[in-house]
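The values are calculated or read from the model by the stated rules, or taken from the named source; none is laboratory data. Just so we're clear, the structure is a prediction, and the values are computed from it rather than from any experiment. Reconstructed Cβ throughout: ideal geometry from the backbone, glycine too, with neighbour counts over all protein chains shown.
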């Protein structure tokens with residue numbers, strides 16, 4: 001192929017790149033060899049050096065911040081672009097293509113992807129000169145909005161370019177020729193597929209006709225990620241992985257962190273494994289900076305195991321679907337290599353999406369659009385569209401008839417509060433007893449004081465307290481010693497926090513359950529969010545009547561009443577962004593009627609123990625219907641309770657708690673909550689109190705890609721329970737945790753720049769200040785088209801302030817091996833023995849005990865250490881009968897324990 005001297009020129013406007021100083025930034029193989037990482041300085045250029053995960057380097061003589069531009073050619077060798085400053089607030093990116101085909105330019109500024117990146121450009125060679133077409137309008141958009149694309153060609157030849165757009169309706173376009181580029185805009189008014197035909201000198205350019213798939217107005221996006229397709233199992237079983245750290249070395253020697261998880265069968269595996277080249281990889285897994293058994297693991301990737309989006313097979317509803325019904329997609333990636341699958345549906349309304357794994361790397365994905373219309377179905381494998389994607393979906397069926405009502409309020413910036421100033425709150429908490437209410441405030445030093453509570457009309461409570469220190473305070477509001485919905489709250493004294501949509505808190509029975517023709521209430525707390533527009537919308541089978549109650553100090557109350565039962569969505573936005581967990585889906589029940597007569601008796605809400613059955617009774621009192629009860633656990637699980645009829649209209653409900661902490665028992669009669677349901681019960685003595693937990697560290701505010709970003713969660717004085725960490729963002733993150741004196745230190749390694757939402761829950765309740773937004777900068781992988789989620793759950797131990805952590809050993813009792821004649825039977829008066837081998841079981845405490853038939857401990861029992869990992873257990877029994885021998889490693893019985901030895 002003849003090489004052309006043509007350069008593709010992309011001009012980025014000032015809102016993309018700000019304050020670019022004079023200088024140049026070139027990224028190429030030359031700059032990599034000439035630029036070494038020596039404290040961020042270029043060794044031979046005197047400028048700044050930035051080095052990414054891919055070992056590329058960016059140098060500048062004058063720029064303090066340098067745009068990192070990556071470029072992908074149709075061939076593997078690639079070619080570096082060049083950035084030039086136009087001295088007018090814009091820059092020019094140039095590259096010289098040597099092959100025809102689709103090129104991709106990834107651009108970032110100060111570590112974050114610029115708007116529109118990556119830019120996809122189709123390059124063709126006609127008559128010895130290159131002609132290029134690129135822009136979002138060639139791919140798709142939304143009806144009623146202006147779409148655009150750009151064509152570049154040899155200067156003076158733009159008159160040889162012909163454009164034609166064919167679609168569901170006649171569509172005109174406007175073109176503006178400027179030198180060597182032609183900017184085209186058009187507005188599709190009807191959803192559907194538009195064919196964009198581009199000819200240069202009467203010849204169709206490569207990629208033409210481009211199919212622009214246009215969805216309906218009011219574009220909503222629903223998404224799901226099928227991560228199981230990108231898992232690689234390692235040949236090792238690990239009982240606990242929270243403190244494991246992994247890294248992977250590629251065939252060319254580069255290291256990067258990897259995400260570890262436990263598969264369904266207990267094997268340790270690499271998550272989000274998507275190798276880009278064939279060869280030998282080495283995976284190193286550490287615990288306490290030491291390799292675990294078997295590490296490093298050798299992983300050989302063959303050519304057919306690399307991700308090939310073109311080999312993904314899909315069938316089912318990819319062209320037509322029915323609204324409000326389950327539409328099925330069958331996805332087979334068994335021959336496509338390793339990579340993650342993402343399914344995104346865009347259209348005029350939201351869609352419900354779910355999936356299940358049906359076989360070895362085969363999946364069944366179901367989706368249900370809320371309304372008929374034209375939708376766009378995007379299916380990607382390893383960040384690449386599969387064959388045929390995006391698909392144009394014609395969704396038919398009957399409209400749902402859902403109605404929507406919205407209420408808005410402009411929130412002003414709260415006035416800073418000085419220490420020593422009296423603070424006041426007003427909340428509405430239906431279904432509570434004033435005598436069971438309590439509130440307290442905890443200052444930054446950890447000192448807790450009770451608040452004054454005054455009971456007012458219609459379940460309103462006025463809370464007063466006076467802070468004595470500057471900084472973030474935690475306000476706890478409890479009913480019957482348990483946090484109300486939304487508690488604990490964060491309250492700044494002195495300088496206010498930075499704010500944002502994620503600082504809006506919502507809580508109350510109205511976002512959990514409701515009843516027709518009755519007022520349902522919830523509270524909204526916006527003080528820490530700053531100034532902005534608060535929007536609350538409720539949509540469902542009937543039009544809701546809404547009322548917003550203004551209260552002092554950032555608290556608002558919202559009440560709503562609906563006429564028809566069914567599922568309603570409560571959408572809460574701040575500055576046009578959904579707050580965490582919005583929309584809240586609430587099942588509004590019909591008039592509860594006779595369910596109001598049902599009563600509960602002998603329900604114990606304190607002093608409960610794990611693994612001990614608890615029973616209480618329910619009386620119908622003349623009501624009729626089917627009774628159902630289930631238990632919500634602190635870790636977020638749901639378990640059905642055992643319901644048995646004891647007499648006419650009297651039922652016994654039995655459950656066995658498996659965790660410490662606050663549980664909730666939902667009791668319903670024919671899908672209607674009975675009075676006071678759900679019921680809160682406390683299991684264990686050391687309950688997890690989220691109000692006593694706090695988090696701090698730089699990793700909660702920002703960090704770098706490819707680096708460990710750390711923060712600490714302080715649990716001292718908060719009891720024991722489940723500490724759950726969730727991180728949502730442009731990529732999955734590698735998570736690890738280690739125990740420290742006053743809590744737990746978490747580290748996470750993100751792979752893409754952008755904003756990450758960090759949620760921390762204790763006992764399934766957000767701690768004060770959670771969630772946090774962390775701004776991650778640096779170079780790295782391309783951001784995922786869907787929001788990726790990474791989670792970790794740690795079962796904490798009770799800690800006291802100032803207490804030092806004890807060393808804790810984690811062994812695997814299932815790998816302990818015992819052998820010897822002493823395990824078969826016992827002979828009175830004779831010394832017998834057996835051996836215990838813990839070579840493959842890790843580090844833990846070995847415990848051996850033996851009980852005689854009379855119930856007393858055997859007097860002669862000896863454990864002797866032979867080698868580092870082998871022990872001999874000797875014993876002599878005196879009584880005739882069955883003796884019980886228990887062997888534990890750590891807290892678990894070894895295989896076969898307890899052993900029953902008969903002495904004849």
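Restricting the stretch 722-747 to residues that are crowded, with 24+ Cβ neighbours inside 10 Å and touching a helix residue (DSSP H, G or I) at 6+ places or on another chain (Cβ under 9 Å), which is modelled with the highest pLDDT? The qualifying residue modelled with the highest pLDDT is 746.
Only one entry of 381, 465 meets the criterion of being in the same structural domain as residue 336 (by TED's automatic domain parsing) and surrounded by 13 or more Cβ atoms within 10 Å (Cβ to Cβ), and that entry is 381.
Residue 334 meets the conditions (1) loosely packed, with under 15 Cβ neighbours inside 10 Å; (2) assigned to a strand (DSSP E or B) in every case but one. The failed one is (2). Per this entry, residue 695 is counted among residues that are touching a strand residue (DSSP E or B) at 6+ places or on another chain (Cβ under 9 Å), touching a residue at least 12 places away in the same chain (Cβ under 8 Å), under 30 Å from residue 730 (Cβ atoms) and in a strand (DSSP E or B). Take the conditions farther than 28 Å from residue 542 by Cβ and in contact (Cβ under 8 Å) with a residue 60 or more places away in the chain and apply them to residue 622. Does it pass? Criteria not met by residue 622.
For residue 868, are the conditions met, namely being closer than 30 Å to residue 740 by Cβ, assigned to a loop (DSSP other than H, G, I, E, B) and free of Cβ contacts under 8 Å to residues at least 60 places away in the same chain? Considered against the rule, which asks whether it is closer than 30 Å to residue 740 by Cβ, assigned to a loop (DSSP other than H, G, I, E, B) and free of Cβ contacts under 8 Å to residues at least 60 places away in the same chain, residue 868 comes out as yes. Can you say whether residue 389 is farther than 25 Å from residue 141 by Cβ and at pLDDT below 90, as far as the supplied structure shows? Against the criterion (farther than 25 Å from residue 141 by Cβ and at pLDDT below 90), residue 389 does not qualify. So, residue 555, is that one modelled with pLDDT under 90, crowded, with 21+ Cβ neighbours inside 10 Å, touching a strand residue (DSSP E or B) at 6+ places or on another chain (Cβ under 7 Å) and on the phi < 0 side of the Ramachandran plot or not? So residue 555 passes the test. Scanning the stretch 407-426 for residues that are in a loop (DSSP other than H, G, I, E, B) and either in contact with a strand residue (DSSP E or B) (Cβ under 8 Å, 6 or more places away or on another chain) or surrounded by fewer than 15 Cβ atoms within 10 Å (Cβ to Cβ) (or both) yields 412, 413, 415, 416, 417, 418, 419, 420, 421, 422.
Say whether the condition of being in contact with a strand residue (DSSP E or B) (Cβ under 8 Å, 6 or more places away or on another chain), in a strand (DSSP E or B), touching a residue at least 24 places away in the same chain (Cβ under 8 Å) and within 20 Å of residue 237 (Cβ to Cβ) is met by at least one residue in the stretch 872-879. Within the stretch 872-879, none of the residues are in contact with a strand residue (DSSP E or B) (Cβ under 8 Å, 6 or more places away or on another chain), in a strand (DSSP E or B), touching a residue at least 24 places away in the same chain (Cβ under 8 Å) and within 20 Å of residue 237 (Cβ to Cβ).
The set of residues in the stretch 356-382 being modelled with pLDDT of 85 or more and assigned to a loop (DSSP other than H, G, I, E, B) consists of 370, 371, 372. In summary, strands (runs of 3 or more DSSP E) completely within the stretch 589-677 and bearing 1 or more residues that are in contact with a helix residue (DSSP H, G or I) (Cβ under 8 Å, 6 or more places away or on another chain) and either closer than 27 Å to residue 690 by Cα or modelled with pLDDT of 85 or more (or both) occur at 661-669.
Evaluating residue 575 against the criteria (1) surrounded by 19 or more Cβ atoms within 10 Å (Cβ to Cβ); (2) under 30 Å from residue 526 (Cβ atoms); (3) modelled with pLDDT of 90 or more leaves one unmet condition, (1).
Can you confirm whether the stretch 885-892 contains a residue that is out of contact with any helix residue (DSSP H, G or I) (no Cβ under 8 Å at 6 or more places or on another chain) and surrounded by 12 or more Cβ atoms within 10 Å (Cβ to Cβ)? Within the stretch 885-892 (the criterion being out of contact with any helix residue (DSSP H, G or I) (no Cβ under 8 Å at 6 or more places or on another chain) and surrounded by 12 or more Cβ atoms within 10 Å (Cβ to Cβ)), the answer is yes, since at least one residue qualifies. The condition (being outside the structural domain of residue 771 (by TED's automatic domain parsing), modelled with pLDDT under 85, under 33 Å from the mean Cα position of the chain (by Cα) and not in a helix (DSSP H, G or I)) is satisfied by just one residue among 492, 497: 497. Whenever a residue of the stretch 211-224 is surrounded by fewer than 20 Cβ atoms within 10 Å (Cβ to Cβ), its partners that are at pLDDT 80 or above and not in a strand (DSSP E or B), lying with C-beta atoms within less than 6 angstrom and at least six residues away or across chains, give the pairs 217/348; 218/348; 220/349; 220/350.
A single member of 132, 185, 171 is out of contact with any helix residue (DSSP H, G or I) (no Cβ under 6 Å at 6 or more places or on another chain), surrounded by fewer than 21 Cβ atoms within 10 Å (Cβ to Cβ) and in contact (Cβ under 8 Å) with a residue 24 or more places away in the chain, and it is 185. Within the stretch 810-859, being in a strand (DSSP E or B) and without any contact (Cβ under 8 Å) to a residue 24 or more places away in the chain holds for 817, 819, 857.
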